[in-house]
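Taking it in order: structure first as structure tokens, then the write-up.
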Amino acid sequence: MTPGKVLITIGATLIFGGMLLEVGGKIPFRGKLPGDIRIQRDGFSLSPPLGTSVLMSLSLSLFWGLFQK
């Protein structure tokens with residue numbers, strides 16, 4: 001990969017990540033997909049978003065694959 005393509009990929013990833021951070025709280029299904037675990041006890045809360053992580057991983061893999069060709 002040429003240095004130009006690497007810089008474009010890094011820049012696109014940073015822009016995409018920044019957009020996710022800006023609108024992350026406004027995404028209606030975030031943390032509510034099947035596979036997302038939520039454990040709440042007295043004084044303790046744990047919510048690993050496994051389903052959301054899988055969906056984001058697949059989306060980013062497809063996005064990355066588009067730039068590889």
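Inside the stretch 35-66, residues that are assigned to a strand (DSSP E or B), charged (D, E, K, R) and modelled with pLDDT of 85 or more make up a count of 1.
Hey, among Lys69, Lys5, Lys32, Lys26, which residue is surrounded by 12 or more Cβ atoms within 10 Å (Cβ to Cβ) and either charged (D, E, K, R) or modelled with pLDDT of 85 or more (or both)?
Values: Lys69 fails: surrounded by 12 or more Cβ atoms within 10 Å (Cβ to Cβ); Lys5 fails: surrounded by 12 or more Cβ atoms within 10 Å (Cβ to Cβ); Lys26 fails: surrounded by 12 or more Cβ atoms within 10 Å (Cβ to Cβ).
The match here is Lys32.
The values are calculated or read from the model by the stated rules, or taken from the named source; none is laboratory data. Since the structure is predicted, the reported quantities are computational estimates derived from the model, not experimental observations. Every residue, glycine among them, receives a Cβ derived from its backbone with ideal geometry; neighbour counts consider all protein chains shown.
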